[in-house]
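This report concerns only the one structure given below.
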Amino acid sequence: MAGAYLTIDDSPTPKTLALCDFMTTHNVPAIFYCRGDHIEQYPEVTAEIVRRGFVLGNHGYAHQRATGLHLAEVQEDILKCEALIDAAYAQAGVARRGKYFRFPYLDRGCGAWIVDYHAMPSDDAAIIQKLFAEGLYLDDTQPSPELLQKQQSLQTWLAAQGFTVPFDGVTFPWYTHREMSAAKDALYTFSTADWMMTQRHLSKDHPYKTIDDLKRKIDNDPFLHDEKSNNIVLIHDQDELKDVFEALLAHMIARGIEFLPID
Ligand SMILES: [Zn+2]
């Protein structure tokens, strides 16, 4: 059976606890990468996520692109969210097991690039570029040395702060390249592309327009059903997307994907 880690971005929202109910019913563990500004809005929901046995990750305070910020501003934004996550664990009376972070928009500080594609074999680079490019408006323009330096500085800083990723057993050759596997922030190996179902995005020229389209994306993914490697699945917690979340999660479960504990 294929194993996958469920990673949920943009929590908490007024729908979060309903998602927790759904996941508990289906025995699905998950990590919620929370926005600090949302934690401030819904502190009790945040503590309740922890009480229910799910894990909190950091998704920045104000959900900004790291490329447009100075290094110190990105660090400050991350630390502001860290303090709120610490407070949520304290409020829940649960010990925190690790520090986990995902960049908003997967903007890791180096502009149009997610990882340094030129530093890896071209076959692997093509797979990763396809994985990340869908809807993220990437191109293969080489970032300036300053941006590459900022991305590197952020990785070094995240490591020094003790950030890690709670994923094991992801063994795709393109993931084992250190640009992916040594990242101190959470990347992914499969995006549900659920966010394309929001009204704001449905009017745009995205490849997926219905839940059935997204189910086909799950069915046809070349890596998601691999028996030998675990996957890291990206999905969102947004007001508009609760039904999409439940439909896609149910579909992945029906397709035999086993969701793995986070720790
Ligand atoms: Zn986000």
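The figures follow:
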{"read-out": "Fewest-first ranking of Ile211, Ile85, using other Cβ atoms within 10 Å as the exposure measure", "value": "Ile211, Ile85"}
{"read-out": "Derived scalar couplings ³J(HN,Hα) [the range 119-133; Karplus, 6.51 cos²θ - 1.76 cosθ + 1.60; whole Hz; x for Gly, Pro]", "value": "8, 9, x, 5, 5, 5, 4, 5, 5, 5, 5, 5, 4, 8, 6"}
{"read-out": "Value in Å of the Kirkwood radius, where the chain supplies the Cα pairs that are averaged", "value": "18.7 Å"}
{"read-out": "Tensor-based shape of the range 103-183 (alpha-carbon gyration tensor, a/c under 1.5 rounded, otherwise prolate or oblate)", "value": "oblate"}
{"read-out": "Helical contribution to [θ] at 222 nm, DSSP H n ≥ 4, -39,500 (n - 2.57), averaged over the chain, rounded to 500", "value": "-12500 deg cm²/dmol"}
{"read-out": "Hz values of 3J(HN,Hα) by residue in the range 76-86 - Karplus curve (6.51, -1.76, 1.60), Gly and Pro given as x", "value": "4, 4, 5, 5, 5, 6, 4, 4, 5, 5, 4"}
{"read-out": "Gyration tensor (alpha-carbon) shape descriptor, the range 1-144, a/c threshold 1.5", "value": "oblate"}
{"read-out": "Full-extension gain in nm, Arg97 to Ala72, via 0.36 nm per residue minus C-alpha separation", "value": "6.4 nm"}
{"read-out": "Net lengthening on full extension, Arg216/Asp239 (0.36 nm per residue, minus Cα-Cα)", "value": "5.9 nm"}
{"read-out": "Inter-probe distance in nm under a simple model that places probes 7 Å from Cα toward Cβ, at Ala160 and Ala119", "value": "1.8 nm"}
{"read-out": "Amide H contacts under 5 Å for Asn58, placed H, 5+ residues apart", "value": "Cys34, Tyr100, Phe101, Arg102"}
{"read-out": "Extension reserve of the Lys209-Asp21 stretch, reckoned as 0.36 nm per residue once the Cα distance is removed", "value": "65.0 nm"}
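No value in this document is a laboratory result; all are computed from the given coordinates. These figures come from a predicted structure and were not determined experimentally. Cβ coordinates were reconstructed from backbone atoms using ideal geometry, including for glycine residues, and neighbour counts include every protein chain displayed.
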